[in-house]
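Visitor: Quick one: the structure is below, and I'll ask about it shortly.
The values are calculated or read from the model by the stated rules, or taken from the named source; none is laboratory data. Keep in mind that what you see is a predicted model, and the values were worked out from it rather than measured. Reconstructed Cβ throughout: ideal geometry from the backbone, glycine too, with neighbour counts over all protein chains shown. Note: accessible area is taken over every heavy atom of the protein model, side chains too, but ligands, DNA and RNA are not part of it. Shrake-Rupley method; radii C 1.70, N 1.55, O 1.52, S 1.80 Å.
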Amino acid sequence: MATLVTFHAHPDDECIVAGGVMRKAADEGHRVVLVVATRGELGEVPDGFLAEGEQLWERRVRETHAAAEVLGVKRVEFLGYRDSGMMGEATNDGPGTFWTADVEEAAGRLAAILREEDAEVLTIYDDHGNYGHPDHIQVHRVGARAAELAGTERVYEATANRDHMRRGMEAAVEMGAIPADQLPDFEGQQQFGTAEADITAAVDVTPFLDAKRAAMRAHGSQISDESWFLAMPDEGFRTAFGTEWFIRAGQGPGITETDLMAGL
């Protein structure tokens with residue numbers, strides 16, 4: 001049918017923002033390819049979690065392959081850069097980090113995969129990396145340039161719907177699920193997600209939430225069963241993760257697409 005390449009910064013990012021569209025595309029007979037810029041070397045794990053002599057990146061690579069199998073991915077590739085850590089950390093400028101990578105060189109690595117796969121669709125992140133993480137911002141820059149180099153015309157920027165999250169949190173306050181004083185200041189967090197008016201694609205992935213949750217669980221080093229992602233009840237999970245949001249240049253205004261693979 002067609003090939004979807006989905007490009008992410010670290011292991012586990014893929015299932016959170018695009019796990020549903022990946023499983024959906026696979027179930028519809030499309031080929032799904034996962035490309036990850038880094039091996040997530042700077043993730044945090046509890047003491048004693050790793051086996052003696054085991055490196056975190058080794059565990060996270062295995063977790064990525066396990067999650068990819070759940071999501072119907074046929075090929076997994078790592079671009080070979082190092083995790084840069086959160087914005088402003090000294091690790092940002094370390095040798096080999098994705099944040100310091102030459103955009104043209106990194107885009108060439110991704111473009112080679114796009115050409116090999118004859119990819120019709122590429123997902124990247126929005127221009128502020130969803131919440132300002134340097135590696136996420138770099139995914140946007142590198143991914144957009146790679147699409148130009150490879151001639152991949154259909155590019156979707158994965159994002160979070162800031163207004164949808166605000167409505168969900170306000171509803172939780174009304175139901176007494178969370179205290180009103182814990183409601184985030186969404187107006188003051190313009191670097192998080194995107195205003196709904198600027199989003200052009202909304203994909204209903206509720207039929208694939210079991211797979212999405214199982215893929216999250218496969219990333220046990222980063223997403224424990226006690227985490228916010230997995231501990232919430234089914235209804236809350238459906239509200240938080242049942243729609244995946246994207247921006248596609250030239251589309252809109254407003255949400256005009258509900259399927260990244262439409263017509264392919």
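Visitor: Kindly indicate whether any position in segment 166-179 is at pLDDT below 90, surrounded by fewer than 14 Cβ atoms within 10 Å (Cβ to Cβ) and under 19 Å from Ile124 (Cα atoms).
Guide: no
Visitor: Do we find a residue being more than 30 Å from Ala111 (Cα to Cα), of a type outside the set (A, V, I, L, M) and modelled with pLDDT of 85 or more anywhere in segment 254-262?
Guide: No, the conditions are met nowhere in segment 254-262.
Visitor: May I ask you to list pairs of residues, at least six apart or on different chains, whose Cβ atoms are under 6 Å apart, with the first in segment 204-217 being in contact (Cβ under 8 Å) with a residue 60 or more places away in the chain and the second being among the acidic types (Asp, Glu) and buried (at least 19 other Cβ atoms within 10 Å of the Cβ)?
Guide: Between residues of segment 204-217 that are in contact (Cβ under 8 Å) with a residue 60 or more places away in the chain and residues that are among the acidic types (Asp, Glu) and buried (at least 19 other Cβ atoms within 10 Å of the Cβ), the close pairs are Val205/Glu244.
Visitor: Does Arg75 fit the bill of being surrounded by 17 or more Cβ atoms within 10 Å (Cβ to Cβ) and touching a residue at least 40 places away in the same chain (Cβ under 8 Å)?
Guide: Answer is no for this residue.
Visitor: Looking at (1) surrounded by 12 or more Cβ atoms within 10 Å (Cβ to Cβ); (2) in a loop (DSSP other than H, G, I, E, B), can you tell me which one Arg238 breaks?
Guide: (2)
Visitor: Kindly establish whether Gly19 is of a type in the set (Gly, Ala, Ser) and open to solvent by 10 Å² or more (accessible area, probe 1.4 Å).
Guide: Taking the combined requirement at face value, the residue does not satisfy it.
Visitor: Let me ask another. Where in segment 52-151 are the helices (runs of 4 or more DSSP H), entirely inside, with at least 1 residues that are under 24 Å from Ile16 (Cα atoms) and modelled with pLDDT of 95 or more?
Guide: Where helices (runs of 4 or more DSSP H) fall fully within segment 52-151 and carry at least 1 residues being under 24 Å from Ile16 (Cα atoms) and modelled with pLDDT of 95 or more, they are 56-70, 103-117, 134-150.
Visitor: Filter segment 120-165 down to residues that are over 15 Å from Ile247 (Cα atoms) and polar (S, T, N, Q) and give me whichever is surrounded by the fewest Cβ atoms within 10 Å (Cβ to Cβ).
Guide: Thr152
Visitor: Mind checking which pairs have a first residue in segment 4-32 that is more than 23 Å from Gly220 (Cα to Cα) and a second that is modelled with pLDDT of 95 or more and of a type in the set (S, T, N, Q), Cβ under 7 Å, 6 or more apart or different chains?
Guide: Within 7 Å, the pairs are His30/Thr3; Arg31/Thr3.
Visitor: Residue by residue through segment 242-264, note down the ones that are in contact with a helix residue (DSSP H, G or I) (Cβ under 6 Å, 6 or more places away or on another chain) and either over 28 Å from Glu120 (Cα atoms) or of a type in the set (A, V, I, L, M, F, W, C) (or both).
Guide: Selection gives Leu260, Met261.
Visitor: Within segment 113-128, take every residue that is free of Cβ contacts under 8 Å to residues at least 60 places away in the same chain and in contact with a helix residue (DSSP H, G or I) (Cβ under 8 Å, 6 or more places away or on another chain) and give me the one that is nearest to Ile199 (Cα to Cα).
Guide: By that ranking, first place goes to Asp127.
Visitor: For residues that are open to solvent by 30 Å² or more (accessible area, probe 1.4 Å) and not in a loop (DSSP other than H, G, I, E, B), tally how many sit in segment 219-233.
Guide: Here is the first cut: in segment 219-233, the ones open to solvent by 30 Å² or more (accessible area, probe 1.4 Å) are 222, 224-226, 228-229, 231, 233.
Now restrict to residues that are not in a loop (DSSP other than H, G, I, E, B): 228-229, 231.
Selection size over segment 219-233: 3.
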